[in-house]
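The values are calculated or read from the model by the stated rules, or taken from the named source; none is laboratory data. Everything numeric here is computed off the predicted structure, so don't read it as measured data. Backbone-built Cβ (ideal geometry, glycine too); neighbour counts: all protein chains shown. The protein model used for the area step is the full one, side chains on, heavy atoms only, and it has no ligands, DNA or RNA in it. Shrake-Rupley method; radii C 1.70, N 1.55, O 1.52, S 1.80 Å.
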Number of protein chains: 2
Amino acid sequence: MSQPMPIGTVSRLAGVKVATIRYYEGIGLLPVPARTGANRRGYDIEDVRRLKFIRHARDLGFDLNAIRQLLALAGLPEQPCDEADTIARTHLAAVGQKIVQLTALRAELEAMVERGTHGRIAECHVIEVIANLNE
Amino acid sequence: MSQPMPIGTVSRLAGVKVATIRYYEGIGLLPVPARTGANRRGYDIEDVRRLKFIRHARDLGFDLNAIRQLLALAGLPEQPCDEADTIARTHLAAVGQKIVQLTALRAELEAMVERGTHGRIAECHVIEVIANLNE
DNA sequence: CTTGCTCCTCTAGTGGCTAGAGGATGTAGC
DNA sequence: GCTACATCCTCTAGCCACTAGAGGAGCAAG
């Protein structure tokens, strides 16, 4: 068997910070690793794979709860993949919603900023708009 | 002079929750109000205006730090409004950035989800993509 | 043997609130 | 006056996903 890796190595290989790895262990997202004689955590390739999975899912915007479920599913190759699909679709819908919101927001901000930067605060369009927004 | 309003009334008028008003007071965003004999906060119209300003700015996505600056500027009508404009433009740029990011994300999620929901986890496209994302 | 890196644990902070405990006061109806 | 009930008070802790830092132990190279 291969030597266990120290946390710093796993961190580099998986692209996840040392502190974050310990955090994931604390919340039960990563299994508690064996310790060396000097009380250091020892990891193997499987841990690196799991951390990469987590990081990729984070990059895709999944929250840790969703990732917890996805990890559980990934460990059951015979199960149907409906559930994983549902998680992904739900997230996709949320991202779409967010884009819609932000796009509306951007339009409002653009309208607000459009008029030039000249003048005193007393006539400042930005301040005015915020002060008098409908309702 | 008008009677001071209790916090619940201000809350209703400004559309800001009671707990949030107290929170804003705690972080110095809202001036510490006078108290009635029974130790209750007493507010006036000016406080309602300020809270509405804060809420509108929050709705526009400004963070409390930016709002703190905008409030300070709003109180100086003779100052030039460049600074307020800059704050708004900076925020607008951030929103634009976020939209770009989320749009890219959405494309990735769409590609991931596109293939049907059929099959076992072992062939699940969603899990596969997350497990093997580049790098 | 010293320097400097990595590792350990533990605590507290980030932003912007929200929820709840536990108690005092005010108001309305009877 | 009494009884509900709403509203107010303070204080603490929780949310999410980390991050930062203190304070100390161990390990490898020169």
> Using the Karplus equation 6.51 cos²θ - 1.76 cosθ + 1.60 (θ = phi - 60°), what ³J(HN,Hα) coupling, rounded to whole Hz, does each residue of the range A:38-43 give in order, writing x for Gly and Pro?
Replying inline: 8, 6, 9, 5, x, 10
> Given the convex hull over the Cα atoms of the range B:82-135, what projected area results after averaging over all orientations, in nm²?
Replying inline: 5.2 nm²
> What angle do you read, to the nearest 10 degrees and between 0 and 90, between the alpha-carbon axis of helix A:82-114 and the longest principal axis of chain A?
Replying inline: 30 degrees
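For peptide B:92-104, what's the mean number of Cβ atoms from other chains within 10 Å of each residue's Cβ?
Mean shielding count: 4.
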> Just counting partner chain Cβ atoms within 10 Å, what average do the residues of peptide B:68-74 show around their Cβ?
Replying inline: 3
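State the percent of C-alpha pairs, over all pairs in the range B:1-79, separated by a distance greater than 14 angstrom. Working shown, then result.
Working: 1929 of 3081 pairs.
Counting every Cα pair in the range B:1-79, those more than 14 Å apart make up 63 percent.
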> To the nearest 100 Å², how much accessible surface do chains B and A hide from each other in total, with a 1.4 Å probe?
Replying inline: 4700 Å²
>> Based on alpha-carbon centroids, what's the gap between the range B:99-124 and the range B:60-93 in Å, whole number please?
In response: 39 Å
> For B:ALA38 and A:GLU123, what is the calculated FRET efficiency with R₀ set at 30 Å and r taken between the beta-carbons, to the nearest 0.05?
Replying inline: 0.10
> Which value in deg cm²/dmol, rounded to the nearest 500, describes the helix-derived mean residue ellipticity at 222 nm for the protein assembly as shown, given -39,500 (n - 2.57) per DSSP H run of n ≥ 4 and division by the residue count?
Replying inline: -20000 deg cm²/dmol
>> Quick one: 3J(HN,Hα) in Hz for the range A:120-125, Karplus 6.51/-1.76/1.60 with θ = phi - 60°, rounded, Gly and Pro as x.
In response: 8, 3, 3, 10, 5, 4
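Given R₀ = 45 Å, what would the calculated FRET efficiency be for A:ASN132 paired with B:ASN134, taking r from the Cβ atoms and rounding to 0.05?
Efficiency, from the Cβ-Cβ distance: 0.40.
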> When the accessible area of the range A:96-135 is split by element with a 1.4 Å probe, what percent falls to carbon and sulfur?
Replying inline: 50 percent
> Once amide H atoms are built 1.01 Å from N in the peptide plane, which residues 5 or more positions from A:TYR43, or in another chain, come under 5 Å H to H?
Replying inline: A:MET5
>> With +1 on the Cβ of every Lys and Arg and -1 on the Cβ of every Asp and Glu, and nothing else charged, how large is the dipole of the range A:96-135 about its Cα centre, in debye rounded to the nearest 20?
In response: 160 debye
>> At 7 Å along Cα-to-Cβ for each site, give me the label-to-label distance between B:GLU108 and A:ILE45 in nm.
In response: 2.5 nm
> Under a 5 Å amide H to amide H cut-off, with H placed in plane at 1.01 Å, what residues pair with B:LEU30 once short-range neighbours are removed?
Replying inline: B:GLU25
> Mind listing the phi-derived Karplus ³J(HN,Hα) values for the range B:9-25, rounded to whole Hz, using 6.51, -1.76 and 1.60 with θ = phi - 60°, and x for any glycine or proline?
Replying inline: 5, 4, 4, 5, 5, 8, x, 10, 5, 3, 4, 5, 4, 5, 4, 4, 4
> At what distance in nm do the modelled label points of B:ARG22 and B:VAL100 sit from each other, each positioned 7 Å from its Cα along Cα→Cβ?
Replying inline: 4.3 nm
> So, with +1 on the Cβ of K and R and -1 on the Cβ of D and E, and no other charges, what is the size of the charge dipole of chain A about its Cα centre, to the nearest 20 debye?
Replying inline: 860 debye
